[in-house]
1. Across segment 95-118, what is the number of residues that are surrounded by fewer than 15 Cβ atoms within 10 Å (Cβ to Cβ) and without any contact (Cβ under 8 Å) to a residue 24 or more places away in the chain?
2. Out of segment 34-62, which residues are surrounded by 14 or more Cβ atoms within 10 Å (Cβ to Cβ) and in contact with a Cys (Cβ under 9 Å, 6 or more places away or on another chain)?
3. What single numbered condition from (1) closer than 22 Å to TYR109 by Cβ; (2) small (Gly, Ala, Ser); (3) surrounded by fewer than 13 Cβ atoms within 10 Å (Cβ to Cβ); (4) within 13 Å of the chain's Cα centre (by Cα) fails to hold for SER31?
4. Assess whether PHE44 counts as being under 20 Å from GLU113 (Cβ atoms) and of a type in the set (Phe, Trp, Tyr).
5. Which residue is surrounded by the most Cβ atoms within 10 Å (Cβ to Cβ), if the candidates are limited to segment 1-24 and must be at pLDDT 75 or above and aliphatic (A, V, I, L, M)?
6. Checking LYS99 against (1) modelled with pLDDT under 95; (2) out of contact with any Gly (no Cβ under 7 Å at 6 or more places or on another chain), which single condition isn't satisfied?
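The values are calculated or read from the model by the stated rules, or taken from the named source; none is laboratory data. Computed from a predicted structure; not experimentally measured. Note: ideal-geometry Cβ built from the backbone for every residue, glycine included; neighbour counts use all protein chains shown.
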Amino acid sequence: MWPDMPKNYIILPNDAEGTHFGLFVNNALTSVVSLFIDDKVAQFRKLATATAEQGKGYASMLLTHVVAYAERKKVNSIWCNARTDKKEFYLKFGLHSTKTTFTKGEIDYVVMEKIIIC
């Protein structure tokens, strides 16, 4: 996700509180995502796929699994900070853009969410 940044740039204070998912291809970790559930609200973050493996559907498979997992946990919504240039990707999973935007490391983001009817 941030291959040119030091590890401490990627680590967030509550990372240990999340559930971390990985997709392996031929025993190699290929795609990752972390899920954080607080009460009835889930946030996924750090969705990333190895550069050489991008475009093969691995992130889609992993995100489909994580959204279904969150739904089984009976959350009311799931959200993420999406890079604005990747917004179309998240629309495929039923997330929609909110009015909240920000910039981090010269990259523009929009908060996207999906309301889940349990």
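1. Summing the residues that are surrounded by fewer than 15 Cβ atoms within 10 Å (Cβ to Cβ) and without any contact (Cβ under 8 Å) to a residue 24 or more places away in the chain in segment 95-118 gives 10.
2. Listed by number, the residues that qualify are GLN43, PHE44, ARG45, LEU47.
3. (3) is the only condition that SER31 fails.
4. Values: under 20 Å from GLU113 (Cβ atoms): yes; of a type in the set (Phe, Trp, Tyr): yes.
Yes; evaluated as a whole, the condition is true for this residue.
5. Looking at the filtered set, the residue picked out is LEU23.
6. Exception for LYS99: condition (1).
Conditions (1) at pLDDT below 95; (2) farther than 26 Å from THR103 by Cβ; (3) among the hydrophobic types (A, V, I, L, M, F, W, C), marked per residue:
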| residue | (1), (2), (3) |
| --- | --- |
| VAL41 | no, no, yes |
| PHE44 | no, no, yes |
| LYS56 | no, yes, no |
| HIS65 | no, yes, no |
| SER77 | no, no, no |
| THR84 | no, no, no |
| LYS87 | no, no, no |
| TYR90 | no, no, no |
